[in-house]
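Trainee: Once you've had a glance at the structure underneath, I'll fire off some questions.
The values are calculated or read from the model by the stated rules, or taken from the named source; none is laboratory data. Worth saying up front: this structure is predicted, and the values here are computed from it rather than measured. Cβ sites come from the backbone with ideal geometry, for glycine too, and all protein chains shown count toward neighbours. Each accessible area value is taken on the protein alone, full model and side chains, heavy atoms only, with ligands, DNA and RNA left out. Shrake-Rupley method; radii C 1.70, N 1.55, O 1.52, S 1.80 Å.
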Amino acid sequence: MVLISGAGSNLQAIIDRCTDGFIPAQVAAVISNQADAYGLTRAREAGIPAHCLDHRDFQRRVDFDAAMIDLIDSFSPDLIVLAGFMRILGQDFVERYLGAMLNIHPSLLPLYPGLDTHQRALADGAKNHGASVHFVTAELDGGPILIQGHVPVEPHDTPETLAQRVLTVEHQIYPQAIAWFAKGRLRLSDGRAMLDGIPVLVPGNIPETFFNLSTEPEQ
Ligand code: GRF
C-alpha cells in the first residue's frame, strides 16, 4: 500500500522493482490526498487500484485519518509506504501501523527534518546530502532510520539539481528497504530498526558510518 501526494517517482521505482522481482511483493493500492497527483495515473497504468481521499473534504484531522484507516484496512496491507505523502498523520494513525509504516525523507536525517531540505543543505554549505528511509513514529521525520543514501553536493548545485540527484538515490534505497521488509528481514523492535536481528546503526550525522548506496543495492 503506497500513499502519495504528487509526482510519484518513488512509487514508480517501487512498482518497477515489484515487477522485476527485486521486491517480492505487490502494491495492493495507491492512495493520494490530491486528486491531480500524477502518481495516481502511474498506478492506474500499472493496473493498481488508485484512490483519492482529499483531506479538504474533512473538517477535522481525526476524521480524515479515520477515513484513511478504513480505506487502507479494506486492502489488508502488510506494509504502508509513504512516498511523498505530504500530510502529517495523527498519533492514533501512527500507532495503529507502528512497525508497518515506512517514510522516505530527502535529507540525511537527523539533519533537516521538515520541508525545503535541499535549500537548507545548500544554505549551510553542506558537502554531503542525501535521503533516509525510516519507520514512522509519532515524531515527525524522527523514527528509526533503516537506510540512507549519500549525494555529494556539487559547487554549482541549485535546490533543483540537488533534488534531482537525491531522487535518483531515493529510487534505489526505498525499494531496498521495502524488499528487506517483504523478506521478513526488517522489523521495529523496542524503538529500534533491526535488520536480520541486528540493530541498524546510523549514529547521528557521522558520514563514514552511513550506508552508502551510490552503486546498485544488494539483494
Ligand atoms: C521525495 O523527494 C520524497 O523524499 C519527498 O517528496 C518527494 C516525492 O517525490 N518526501 P515523488 O512524488 O516520489 O516523485
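Trainee: Listed residues LEU98, LEU122, LEU146; which is away from the ligand (no atom under 12 Å from the Cβ), in a strand (DSSP E or B) and among the aliphatic types (A, V, I, L, M)?
Mentor: LEU146
Trainee: Only residues that are more than 11 Å from the ligand (Cβ to nearest atom), crowded, with 22+ Cβ neighbours inside 10 Å and within 13 Å of the chain's Cα centre (by Cα): list them for region 150-173, please.
Mentor: Scanning region 150-173 gives no hits.
Trainee: Residue pairs, Cβ under 8 Å, 6 or more apart or interchain, first in region 17-37 and among the hydroxyl-bearing types (Ser, Thr, Tyr), second open to solvent by 40 Å² or more (accessible area, probe 1.4 Å). List them.
Mentor: Cβ pairs passing all conditions: THR19/ALA46; SER32/HIS51; SER32/CYS52.
Trainee: Quick one: count up the residues across region 91-117 that are open to solvent by less than 30 Å² (accessible area, probe 1.4 Å), over 12 Å from VAL133 (Cα atoms) and aliphatic (A, V, I, L, M).
Mentor: Count: 2.
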